[in-house]
Amino acid sequence: MDNKKKLARNKYETNDDMINLIDNLNRDDDVKYNRRAFLKTAVGASVTLGLATLPFSIKAMMNTAGEDDKRIAIAKLSEISKGQSLNFNYPTDEDPAILVHTKDGKFVAYNNKCTHLQCPVFYEKEQDVLLCPCHKGYFDVKSGHPLAGPPQRELPRIELEIVDDTIYAVGRKVRHG
Ligand code: FES
């Protein structure tokens, strides 16, 4: 290759390199601006979504609080003797619950969906415990705390009140632990 041609090619390549360099710098800026724009959009969308759903969250919280404080008559005292249990629903018709008249004469009530995998929990009079037959989960009848088997959380406790000869459910405490 003669010198003239070499110089011409080098000049051509140098011009190309400059164009590529500028192009790359512009691309870098584009990426920065795109990242910034994306972050701005994402934050904006999150805030907008949060604000848009806020009224529903507040309404849901208010509804739950209202339901958990509902007062309903469960049974007459004469309908459940010592060592017996009775099923009812509280606070809604979709929440099965159990009222137990313990062997030592106390009344306790819990939502009786097992906290393991939701099977119904029964009162086992002989051992004076609440039993989930699905995987042999045991709960303390006096507290609703898990005693043995897979369940790790307490059963939701239903507050009771006895007025005259009637037992009322007056509230629910969903506990974790
Ligand atoms: S569902 Fe109750 S122990 Fe598994």
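The values are calculated or read from the model by the stated rules, or taken from the named source; none is laboratory data. Because the structure is a prediction, the values reported are computed rather than measured. As a convention, Cβ positions derive from the backbone with ideal geometry for all residues, glycine included, and neighbour counts pool all protein chains shown.
For this structure, a couple of remarks:
- Taking the criterion of being exposed (fewer than 13 other Cβ atoms within 10 Å of the Cβ), under 22 Å from the mean Cα position of the chain (by Cα) and either among the charged types (D, E, K, R) or within 23 Å of PRO91 (Cβ to Cβ) (or both), the residues of region 126-174 that qualify are LYS173, VAL174.
- Restricting the first member to region 149-167 and to residues that are at pLDDT below 95, and the second to residues that are of a type in the set (Val, Ile, Thr) and in a loop (DSSP other than H, G, I, E, B), no beta-carbon pair is closer than 9 Å while six or more apart or on different chains.
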